[in-house]
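First up is the structure itself, then whatever we jot down about it.
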């Protein structure tokens, strides 16, 4: 495993990400046509969400790009690449200062994490759907928060900075609300007394930020957990919650597919996971690190478990963006550790990594193609409406309007509001849709 090879892979994969999610090929989709116009009109805390930091990003995009969708997607790609740089930095720091791994091995694991993250397809929604960028922006603040946790010396400016950054992460996207628990676990297991005290204080400060966030959310929305994101949890639908958890954990690795293909893939995945657990136990890897990465993934999944996600489309993949950071970091550190400590396993590990990367890249291509088709449909529909009202003021009758394309939401929400925002002169009361079609298979 050579650094130069991994760096070449990173450059190639960065180019592939730009090619697959070329901003000119993507458009406004679904909620974009509802929330971006509301932000443009000065509305904050829309639909009971408390995400003012992302709304500031949307305002910046409105200032820079106006109603040109490609600019918003440029922002998404740039933010994603920032997260890639942070992933390398954080992964390296954790290995050197926390896990005490030799530098050359740590560099290789960090580079591999970036390679896997760039190939990872399940969070493609965050690159292709404008409002799906929320976890990407949140990840930037969250990773800075974690970076401060793994420093050598703790002082009050560090605690204050950590609190500010974690608050920014939560008020961008609330999925990381439970993560201080993982940091508390690391803190209590730290052997050095002075360092343990600093870690506990830092994690406790972040827990205090959680309390502040919950209070603010309650004051603004009058609820801590809303019906949309917590209906199954509030109703104690445990069977649904367990099924959702299984689907989310499976989709963390597997590309979407039809039911039969996905079930077969799950069986193969479970066999592979069992083999890897046996292998890692034999390699005597750091169990605290495994618990930290696994626990962080579960804590990030917990807030969205009531919502779940589909296994036959790339919809709701944004829920996997933050967990994927810890997933690829943990896998990379473990894989490189096996690679370094067992010459007999180097070839099998390399083959597995190549196969996984190829499988994920296939999924990423499929996701980008699906979002391209959805964007093309949305843009063509808007242009046809625009052309109609340029030629006449008569009522426009649309026989069928696809709510989804490739099972991705296109016009579930905000159709007429979006049309009016994009074309102020169009009277949307004169648009009548006879049939709405939503794919179910």
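FYI, it's all coordinate maths here, none of it is from the lab. All values reported here derive from a predicted model rather than from experimental measurement. As a convention, Cβ positions derive from the backbone with ideal geometry for all residues, glycine included, and neighbour counts pool all protein chains shown.
How many nm is it between the label spots at residue 434 and residue 369, if each spot is 7 Å from the Cα in line with the beta carbon?
3.3
Which label marks the calculated value of Rg/Rh (Cα atoms, Kirkwood Rh), given the options [x] 1.01; [y] 0.98; [z] 1.05?
Evaluating Rg/Rh (Cα atoms, Kirkwood Rh) on these atoms matches [y].
For the chain, take the longest principal axis of its alpha carbons; what is the angle in degrees between that and the long axis of helix 156-170, to the nearest 10 within 0 to 90?
Tilt of helix 156-170: around 40 degrees.
Could you tell me what % of all Cα pairs in the range 1-57 have separations over 15 Å?
Numbers: 1046 of 1596 pairs.
The answer is 66 percent, as a whole percent.
For the range 56-184, compute the orientation-averaged projected area of the C-alpha convex hull (one quarter of its surface), in nm².
Orientation-averaged projected area of the Cα hull: 8.8 nm².
Once every DSSP H run of n ≥ 4 in the chain is given -39500 (n - 2.57) and the sum is divided by its residues, what mean residue ellipticity at 222 nm do you get, rounded to the nearest 500 deg cm²/dmol?
-22500 deg cm²/dmol
Between residue 355 and residue 193, what is the label-point separation in nm under the 7 Å Cα-to-beta-carbon projection?
Label-label distance for residue 193 and residue 355, simple model: 5.1 nm.
What ranking of 264, 91, 9 emerges when the number of other C-beta atoms within 10 Å of each C-beta is taken as an exposure proxy, fewest first?
Sorted ascending by nearby Cβ count, the order is 264, 9, 91.
I'd like the orientation of helix 321-341 relative to the chain: the angle between its Cα long axis and the longest Cα principal axis, in ° from 0 to 90, rounded to 10.
30
Hey, for a label at residue 312 modelled as a point 7 Å past Cα toward Cβ, could you say which residues of the range 229-250 have their backbone N under 20 Å away?
Of the residues in the range 229-250, 240-241, 243-250 have backbone N under 20 Å from the label point off residue 312.
Kirkwood Rh, the range 375-437, all Cα pairs: how many Å?
Every distinct Cα pair counted, the radius reaches 12.0 Å.
Once fully extended, how much extra length lies between residue 344 and residue 290, figured as 0.36 nm per residue of separation less the alpha-carbon to alpha-carbon distance?
So the chain would gain 17.2 nm between residue 344 and residue 290.
Testing the spin-label approximation: label points 7 Å from Cα along Cα→Cβ at residue 18 and residue 390. State their distance in nm.
So the label points at residue 18 and residue 390 sit 3.2 nm apart.
For helix 287-301, report the angle its Cα long axis makes with the longest principal axis of the Cα atoms of the chain; keep it between 0 and 90° and round to the nearest 10°.
10
Report the semi-axes of the equivalent ellipsoid for the range 205-248 in whole Å, largest first, where each axis is √(5λ) for an eigenvalue λ of the Cα gyration tensor.
Working from the Cα gyration tensor, I get semi-axes of 26, 14, 7 Å.
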